[in-house]
Structures are given as C-alpha cells and as structure tokens.
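Below you'll find the structure, written out as structure tokens, and then a few comments.
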Amino acid sequence: QVQLVESGGGLVQAGGSLRLSCAASGRPVSELAMGWFRQAPGKEREFVAGIDWSGTNTYFADSVKGRFTISRDNAKNTVYLQMDSLKPEDTAVYHCATRRGITIPTSNPRNYDYWGQGTQVTVSS
C-alpha cells in the first residue's frame, strides 16, 4: 500500500514560483516511478511531469518544459515539483500518483492506481 500526500499549493501571481511536495508512505520512492498530474475544472486530467525509480530520468509535458523541475529526496521519501514562471493556464489541482510495479512514469493516468488528495494551484494575471 502506498499513501501520497501533496502540499505546497497556493495563490501566486503570473511569473511567480511554487514548489509542490508529494510525501509518500508505505514504499520508498527509490523503488517507484512517480508522476505529477493536474486537472482544471471541467478539463481532463493532464500529465505534467514524471521521474523514474532511479531518480535520474525525468519527463515533462511540452507545456511545462523548461519551467518545471521534478526531483526527489530519498531521505524524506518525498518528490517535489518546482514550478517557475507560472502562467494562468497552470491553474489546476495538482496530484501526484504512482502504481505498484511501475519503474518508469507514463503519461496515461489510467496506468496509476495510487493518488494523493491534490493541492490547488491558482495563478492570477
């Protein structure tokens, strides 16, 4: 069993930065691939970023490439999403996710079965 808890969301002006945290329990993140997804009201859940089990290979959606960074702290068993140069279109509820047995992230949310409760990110213009 894996439990994920996101934190760090909030209200920020366009051009600002936020760092989201995903604290995992039940399994070490060093054995998991982790994905970040976001969902705006009335929109489909969208892949944002991922990190593989080794922590050395990362993946990003084109819409956030160059602005977002995903990283991991094994000691804290936490995955981070650093978001810079935020835009109003980044406004969404952000979730981290994983699944038993995966070692590389996939962009398809149907491939995940453990999800955090989400943290709201609102970017004002």
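The values are calculated or read from the model by the stated rules, or taken from the named source; none is laboratory data. Keep in mind it's a predicted model, so treat the numbers as computed, not measured. Positions of Cβ are generated from backbone atoms using ideal geometry, with glycine treated the same way; all protein chains shown enter the neighbour counts. Just the protein is used for accessible areas: all its heavy atoms, side chains included, with ligands, DNA and RNA removed. Shrake-Rupley method; radii C 1.70, N 1.55, O 1.52, S 1.80 Å.
With a cut-off of at least 2 residues that are of a type in the set (Phe, Trp, Tyr) and surrounded by 13 or more Cβ atoms within 10 Å (Cβ to Cβ), name the strands (runs of 3 or more DSSP E) lying wholly within region 1-115.
Counting at least 2 such residues, we get 34-39, 58-60.
Sub-7 Å Cβ pairs linking a first residue in region 103-119 that is under 19 Å from Thr58 (Cα atoms) to a second residue that is open to solvent by 50 Å² or more (accessible area, probe 1.4 Å) and assigned to a loop (DSSP other than H, G, I, E, B), at least 6 apart or interchain, are Thr103/Trp53; Pro109/Arg45; Asn111/Arg99; Tyr112/Arg99, ordered by first then second residue.
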